[in-house]
Structures are given as structure tokens and as C-alpha cells.
1. Need the C-alpha centroid separation for region 246-269 versus region 145-181, integer Å.
2. With charges only on Cβ, +1 for K and R and -1 for D and E, what is the dipole size of region 82-223 about its Cα centre, in debye, rounded to 20?
3. So what is the accessible area of region 86-125 per residue, in Å², with the probe set to 1.4 Å?
4. Using the crude model of +1 on Lys and Arg Cβ and -1 on Asp and Glu Cβ, and no other charge, please compute the dipole size for region 171-277 relative to its Cα centre, in debye to 20.
5. Rounding to the nearest 20 debye, state how big the charge dipole of region 98-165 is about its Cα centre with +1 on each Lys and Arg Cβ and -1 on each Asp and Glu Cβ.
6. Given H placed 1.01 Å from N in the peptide plane, which residues other than close sequence neighbours of Ile65 have an amide H under 5 Å from its amide H?
7. Please list, short to long, the whole-number percent of alpha-carbon pairs of region 102-165 in consecutive 10 angstrom bins beginning at zero.
8. If you average the alpha carbon positions of region 99-127 and of region 288-335, how far apart do those two centres end up, in angstrom?
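The values are calculated or read from the model by the stated rules, or taken from the named source; none is laboratory data. Quick caveat, the model's predicted, so the values are computed rather than measured. Reconstructed Cβ throughout: ideal geometry from the backbone, glycine too, with neighbour counts over all protein chains shown. Surface areas here come from the heavy atoms of the whole protein model, side chains and all, with no ligands, DNA or RNA. Shrake-Rupley method; radii C 1.70, N 1.55, O 1.52, S 1.80 Å.
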Amino acid sequence: MGVRANSRPGTRQSVTGLRRALAVGALGVLGAVTAFAAASGPADAAASTLGAAAAQSGRYFGTAIAAGKLGDSAYTTIANREFNMVTAENEMKIDATEPNRGQFNFTNADRIYNWAVQNGKQVRGHTLAWHSQQPGWMQSLSGSSLRQAMIDHINGVMAHYKGKIAYWDVVNEAFDDSNGGRRNSNLQQTGNDWIEVAFRTARAADPAAKLCYNDYNIDNWTWAKTQGVYNMVKDFKSRGVPIDCVGLQSHFNSGSPYNSNYRTTISSFAALGVDVAITELDIQGASATTYANVVNDCLAVSRCVGITTWGVRDSDSWRSGDTPLLFDGNGNKKAAYTSVLNALNAAPSVSPSPSPSQSPSQSPSQSPSQSPSQSPSQSPSQSPSQTPSGACSATIATISSWPGGFQSEVTVRAGSAPVNGWTVKWTWPGGQSFSSLWSGTQTVSGSNVTVRNADYNGSIAAGGSTTFGFTANGTAATPAITCTSP
Ligand code: XIL
């Protein structure tokens with residue numbers, strides 16, 4: 001199938017992005033997990049591949065793989081050497097996996113999955129509910145029968161890969177290109193709740209997978225589409241709809257160029273309590289500077305978990321005429337490759353340390369923050385006395401408010417020394433109370449509030465910061481807050 005019907009040539013981009021999932025080898029998300037103890041400063045020795053370089057900061061570097069190219073040794077040599085996360089370019093889509101209603105076919109999807117895990121890579125699942133690349137039978141459905149078909153499809157595909165997929169793009173491209181609202185698709189016409197139904201179905205089907213919303217043209221913070229998706233994620237988090245991550249496809253070109261507010265977009269999504277991934281990166285012309293900017297923007301946000309380029313060589317790209325990737329058609333490294341590798345190598349490192357195996361019971365459905373791919377575990381409880389902690393400070397800001405409630409974000413900063421565990425305290429001035437809190441753990445005694453770090457954000461590099469957020473009942477307030485660290 002070709003490019004999406006509603007793509008505007010030259011303007012449509014798909015961006016993908018997720019965050020720090022270390023390659024844990026063929027063990028996948030259920031296997032032994034590598035945890036990290038924070039270390040400040042850049043890596044000691046530069047890594048020589050994208051995947052290894054990204055892993056130094058607990059992130060992954062991935063690529064889209066096409067099953068039809070797995071017999072091309074030039075292709076697989078580069079793909080295997082450089083990348084530690086794999087997305088099937090087309091083979092896990094609806095038309096590929098359920099060509100006839102109720103008859104699932106995983107032949108090509110499994111070829112990619114097996115190649116990935118046999119070579120020690122993790123897999124991003126792409127994608128379960130989408131208006132495009134639907135099989136004919138689904139295109140002709142509507143209303144409750146389409147809704148049921150969507151649910152059945154999610155259950156069928158996720159059951160096949162249960163426990164094996166680090167991140168699933170549950171819903172792809174559900175927003176309108178310009179007005180900030182929903183795209184008018186057959187799925188949308190089944191009712192506005194179709195997206196949350198898809199996420200709830202997905203959580204029940206595979207509690208170990210991190211569940212993502214993925215879209216293009218949500219890179220520029222000022223665009224209405226970005227704000228529309230942001231508001232949906234905020235709403236989902238406040239209502240407990242299970243969502244763990246947002247994928248920025250990040251197809252950049254002249255109609256949808258990289259903008260320096262990209263970092264704001266990534267950090268703003270992350271502040272909602274979700275991982276962010278760059279999921280389908282390609283840049284028309286492959287400017288080395290722009291590629292480095294994208295990488296550095298991800299590296300600046302702790303919950304930006306990883307970067308995937310949408311193909312290996314320019315000749316493999318869905319937009320090959322744009323020569324938008326890191327390797328040329330002969331498999332040579334381009335200037336952009338070097339700038340990406342250098343940026344990854346300059347990132348502050350985290351060093352691996354052993355940690356207990358994860359089990360499905362520690363899945364994102366119960367505690368997204370405990371998922372192995374979500375966060376190198378940096379909790380002080382794991383190494384209470386190994387590293388003295390520096391001082392911290394905290395500030396509180398109101399993100400939005402409404403009659404009877406408000407949302408706030410607290411930024412916790414390290415001083416000139418790394419912080420290993422933090423505790424923030426304040427006193428509510430007017431009877432406020434939490435309705436939900438993310439990226440921290442709360443203790444409330446009367447009007448006195450204590451929030452400690454979550455298991456994944458206790459370690460803050462020197463000069464760095466992390467955030468937690470909450471929604472609360474009552475009148476928005478910015479009380480004096482204190483931060484202490486052990
Ligand atoms: C593209 C593939 O690269 C093409 O091979 C296919 O013909 C169309 O789809 N956003 C997405 C991806 O989420 O699935 C799309 O992939 C690119 C845009």
C-alpha cells in the first residue's frame with residue numbers, strides 16, 4: 001500500500017520516539033534486566049555503533065526493518081551492527097496480520113521478530129489501530145461491528161506476542177492534520193472513545209507491553225495537532241486510561257521542518273508522566289546538524305527513551321528521493337551518521353549494574369514506572385550507601401486549572417553534585433488534595449505532603465533535573481516547597 005491517502009506530499013511526516021529501553025538481548029522484556037547506577041560525565045570510551053552509543057545513557061537506537069530485505073546481507077549487516085531496537089516497517093500492520101476477518105497471519109511479522117530477538121534486539125510493535133493500511137474487510141465495516149473488529153484485532157495480535165514486545169503503538173495517527181481535533185476516520189466514527197477503548201483492551205491483552213500513541217506532525221510545540229495530542233494524553237493520565245508513551249514519528253522535511261521547540265515538545269509530553277520516543281525519524285537531505293539537534297533534544301529529556309530511524313539506507317526509505325537516512329544507498333555512513341554517533345557518545349553515561357529479573361506482575365499495567373525498558377532503575381533503595389548524594393532544590397508550577405481542580409508540575413534539580421534519591425515536602429494552604437500523582441510516590445498527613453522519587457527518577461546528574469506531576473482538587477496553589485536528599 002502506498003503513502004497514506006491523506007498525506008500532503010512534502011508535508012507529511014511520521015515521527016517516532018520512545019525512551020530509554022536498553023537492549024536486554026533475546027531475553028526481551030521478561031528477561032534479566034539491566035539496571036543503572038548514575039555516573040556523571042560523558043562516557044569514558046566512545047562507542048562505535050549507534051545502539052551501543054545510545055545504550056550508554058540507557059537509551060536505544062532502532063530502525064524499521066522490512067521482511068523482504070532480510071535476505072540482503074549488506075542490509076542485515078548494517079542493521080545488525082548498528083541498531084538494538086527493531087520496528088516492522090509494514091509487517092505488523094492490520095492488513096498484514098489479519099488479512100481476513102478472524103484469520104491472523106504472522107508469517108512476515110515473525111520473520112522480523114525472530115531476526116530481531118535472535119540478534120539480541122528489542123521490538124517495537126507497530127501498529128494495532130489505524131485508519132490506514134486496513135484490510136478491505138475492515139474498511140467496509142462501521143459502527144459497533146468495526147469497534148468489535150478493532151478490539152478483536154488488538155487481542156489477536158497482542159496475544160501472539162504477549163510478553164515479547166517492549167512498546168506497542170496501540171493507536172497511530174488519530175488526529176487531524178490542522179485543527180487539533182480528531183481525524184475523521186471510520187474508527188473515529190465508531191465514537192470518540194475508540195482510542196481509550198483501544199488502550200484499555202491493549203493493557204488487558206498484554207500487561208507487560210508499554211502502550212504508546214504514535215503520530216506525525218506532533219513535533220512542533222506550537223502546532224494545533226501537537227496540542228490536541230498533548231491534551232488527550234493529559235486527559236488519559238488524569239482519568240487513568242492506560243497510556244505509557246508517546247511516539248513522535250518525526251518525518252522532517254521542508255513542509256514539516258525540525259523546529260528548535262522540539263525539545264519543549266518532548267519534555268512537555270514527558271512531564272505528563274509518559275515515556276517519549278522518536279519512532280520514525282527521517283530528515284529530508286539528512287542535515288548532519290539537524291540530526292544532531294534531534295538526538296540532543298532527546299538526550300536532554302530523561303524520559304526520551306530512544307530513537308528509531310525509518311529504514312537503514314537511503315535506498316530503503318519510503319522517501320528514498322529525500323535521501324533522509326544515515327547510510328547511503330551503498331551502505332556508507334553519511335555525515336549525519338557521524339554527527340548522531342558523536343552526540344550519543346557525548347551524553348552523560350549511566351553504568352549497568354545487576355538487578356532482579358522483572359516478572360509480568362511488575363508490568364506497566366500495575367506500575368508503568370517499573371517496566372524494564374521504561375527506566376534504568378536508579379532508586380537509592382538499590383544502592384543506599386554506595387554514592388553520597390548532593391543537595392537538591394525544587395520548584396512548583398501550575399500547568400492548568402479549572403473550577404475545583406488544577407494540575408501542577410514540580411521540578412527537582414541537582415546542584416553541582418549528583419543526587420541519589422530526593423524527598424519534596426510542602427503544606428497545602430487551603431485544603432487541597434491529590435487526585436492523581438505521577439513520577440513520584442506520595443505520603444499525605446493532614447495538609448502536609450511528602451513526595452519521594454519514583455524508582456526510576458531518583459538519580460539526577462549534577463546540574464540536571466527531573467519532574468513529577470499531579471492533579472489535585474481545590475484552588476491552584478504554589479506553596480513553598482523544600483527538597484532534601486539522603
Ligand atoms: C510507511 C512504510 O514505510 C511504507 O513502506 C508503506 O508503503 C506506507 O507506510 N507513518 C507510519 C508508518 O506510522 O507506518 C508509515 O510507514 C510511514 C508514516
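1. First find each Cα centre; the distance between them is then 22 Å.
2. On the way: 13 positive and 16 negative charges, 91 e Å.
The dipole of region 82-223 has a size of about 440 debye.
3. Details: 1510 Å² over 40 residues.
Using a 1.4 Å probe on heavy atoms only, each residue of region 86-125 averages 38 Å².
4. Details: 10 positive and 11 negative charges, 43 e Å.
Dipole size: approximately 200 debye.
5. I would put it at about 200 debye.
6. Correct list: Thr87, Ala88, Glu89.
7. Result, from short to long distances: 18, 49, 25, 8, 0 percent.
8. First find each Cα centre; the distance between them is then 23 Å.
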